[in-house]
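What follows is a set of notes on a single structure, which appears directly below.
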Amino acid sequence: MQDAALLSVTDLSVQFKTPRGLVNAVNAVSFELQAGRTLCIVGESGSGKSVTAMSLMRLLPQATTRLTEGSVLLEGRDLTQLRERDLEAVRGRDIAIIFQDPMSALNPVLTIGRQVTEPLRLHLGMSRAAAYERAVELMGLVGMPSPEQTLARYPHQLSGGQRQRIAIAMALTCNPKVVIADEPTTALDVTTQAQILQLLRDLRTRLGMAVILITHDLGVVAEFADDVLVMYCGRVVERGPVAEIFNAPRHPYTQGLLASIPPFSDEGSERLSAIVGSVPSPFEMPPGCAFAPRCPLAGEDCTQVQPPLRACGPSHVAACLRIPQWEAAHD
Ligand code: ADP
Ligand code: MG
C-alpha cells in the first residue's frame with residue numbers, strides 16, 4: 001500500500017446471538033481505504049455488507065452483537081476500543097452513513113430545517129443563525145432547488161429522491177472523512193437513482209471524502225469504484241482494483257456475479273442468473289468454502305477446508321483453492 005490508509009479494517013468479525021443460536025454474520029473481513037478513494041462492497045443479499053458497514057461505526061444492537069475480534073483503525077485510532085462517549089464524537093464528524101431508506105435518517109414530525117440545524121448547533125456549537133445559514137448552504141450542495149422552502153417542509157412533503165438528498169446533506173453536516181452509503185439508491189426509480197449517484201460522485205470530487213459504497217448493482221460498481229470488495233456469506237471472497245475485478249475476476253463467485261449483468265439492450269428484463277442455487281441460511285453454513293455447493297469448479301477438497309485469501313496480483317486477493325498461486329511465479 002502506498003499511503004498510510006485513512007481507514008484500516010483488520011479481521012473484523014461480528015456474531016449475533018439469536019434464539020436459534022450464534023450467527024457468524026461477518027468473518028475476518030479486512031480492507032483499507034485511502035483518502036479520496038471509493039471502495040464498493042458487493043455481494044448477494046445476506047452476505048454481510050450492511051453488518052460490516054454498521055459495525056465500523058458500532059451501530060449494531062449491543063445486547064445481541066459481539067464484535068469478536070479485529071480492529072477498525074481510523075487515522076490510527078481503533079474505533080472498536082473507544083468508549084461509547086468518544087465514539088459519539090466520531091459518528092457524523094469523522095464517519096457518516098447514508099442508508100437505503102432515507103426515512104430512517106429523518107424524523108417525520110420535525111421540519112427539515114430543524115433536523116439539519118440541530119446537529120450543527122449541538123455538535124458544532126453554532127448559533128441559530130449560523131446553523132440556518134449552513135443548512136441553506138447544505139441544501140444547495142445536494143442540489144435542492146429552493147433551500148429556504150425545503151427547510152420549512154416536513155419529510156412527507158418531499159419525494160423519495162429529495163429525501164435521499166436531505167439524508168446525504170445530513171451525513172455531510174460535519175464534513176466527514178469517510179462516508180458510507182448502504183444501497184443508497186435501491187428504493188428509488190431508475191432516473192432518480194442516476195441523479196443521486198451523480199450527486200455522490202460530484203460531492204466525492206468536491207469534498208475529497210473517501211466513500212464506501214454498498215451495492216448489489218455491478219453497473220454502479222463499474223462507474224464508481226476504485227477498489228472492490230466481494231463478499232459471500234460473511235467473508236471476503238475477492239478484493240482488488242476495479243479494473244482487475246471486471247477484466248480478470250478470479251473467484252468463481254465474482255465471475256458468476258459478472259455473468260449475471262443483464263445486457264444493455266435488455267433493460268428491465270429478467271436478470272439472467274448465472275449462479276445456481278441460493279445463499280445458504282446462516283444456520284446451515286456448508287463446511288469448507290461456503291460457495292462450494294453452488295460452484296462449478298468445486299471438488300471434494302473445497303468442502304473440507306476454508307480457502308484462505310491469497311494474492312493473485314499486486315493488490316488483488318481471492319479465496320479459492322482453484323486459483324493458482326501468484327506469489328510462486330513472482331518470487
Ligand atoms: P447484506 O447487507 O449483505 O444483505 P447483512 O449484512 O444485512 O447482509 O446480513 C448478514 C447476515 O447477518 C444475514 O445472515 C442476516 O440475517 C444476519 N443479521 C443481520 N442483522 C442481524 C441481527 N440484528 N440479528 C441477527 N442476525 C442478523
Ligand atoms: Mg444490506
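The values are calculated or read from the model by the stated rules, or taken from the named source; none is laboratory data. Because the structure is a prediction, the values reported are computed rather than measured. Cβ: placed from backbone, ideal geometry, glycine included. Neighbour counts: every protein chain shown. Accessible surface is based on the protein model in full, side chains and every heavy atom, while ligands, DNA and RNA are left aside. Shrake-Rupley method; radii C 1.70, N 1.55, O 1.52, S 1.80 Å.
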Taking the range 35-67 on its own, how many of its residues are within 8 Å of ligand 1 (Cβ to nearest atom), surrounded by fewer than 17 Cβ atoms within 10 Å (Cβ to Cβ) and more than 21 Å from Ala89 (Cα to Cα)? 2
Contact list, first residue from the range 178-192 and within 13 Å of ligand 2 (Cβ to nearest atom), second anywhere and part of a loop (DSSP other than H, G, I, E, B) and at pLDDT below 95, beta-carbon distance below 7 Å, six or more apart or interchain, is Asp182/Phe99; Asp182/Gln100; Glu183/Gln100; Glu183/Thr215; Pro184/Gln100; Thr186/Gln100; Ala187/Gln100; Ala187/Asp101
Filtering the range 273-294 for residues that are modelled with pLDDT under 95 and of a type in the set (Gly, Ala, Ser) leaves a count of 5
Just one of Arg93, Arg121 is at pLDDT below 95, of a type outside the set (A, V, I, L, M, F, W, C) and part of a helix (DSSP H, G or I); which is it? Arg121
By residue number, the members of the range 124-155 that are in contact with a Ser or Thr (Cβ under 7 Å, 6 or more places away or on another chain), closer than 21 Å to Gln195 by Cα and part of a loop (DSSP other than H, G, I, E, B) are Met144
What is the one condition in (1) within 16 Å of ligand 2 (Cβ to nearest atom); (2) out of contact with any His (no Cβ under 9 Å at 6 or more places or on another chain) that Ser45 does not satisfy? (2)
Checking Ala28 against (1) under 19 Å from Gly208 (Cβ atoms); (2) in a strand (DSSP E or B); (3) open to solvent by 40 Å² or more (accessible area, probe 1.4 Å): exactly one of these is not met. Which one? (1)
Might you let me know whether the range 183-196 holds any residue that is at positive phi and in contact with a strand residue (DSSP E or B) (Cβ under 9 Å, 6 or more places away or on another chain)? yes
Within the range 86-132, how many residues are among the small types (Gly, Ala, Ser) and either in contact with a helix residue (DSSP H, G or I) (Cβ under 7 Å, 6 or more places away or on another chain) or surrounded by 15 or more Cβ atoms within 10 Å (Cβ to Cβ) (or both)? 5
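Here is a yes/no grid of residues against (1) open to solvent by less than 10 Å² (accessible area, probe 1.4 Å); (2) at pLDDT below 95:
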residue	(1), (2)
Pro145	no, yes
Gln149	no, no
Ala152	no, no
Gly160	no, yes
Ala169	yes, yes
Val178	yes, no
Thr191	no, yes
Being within 30 Å of Arg121 (Cα to Cα), modelled with pLDDT of 95 or more, open to solvent by 10 Å² or more (accessible area, probe 1.4 Å) and more than 16 Å from ligand 2 (Cβ to nearest atom) is the requirement here; does Leu82 meet it? no
Among the residues that make up the range 211-220, is at least one of them among the hydroxyl-bearing types (Ser, Thr, Tyr), open to solvent by 40 Å² or more (accessible area, probe 1.4 Å), within 15 Å of ligand 1 (Cβ to nearest atom) and in contact (Cβ under 8 Å) with a residue 40 or more places away in the chain? no
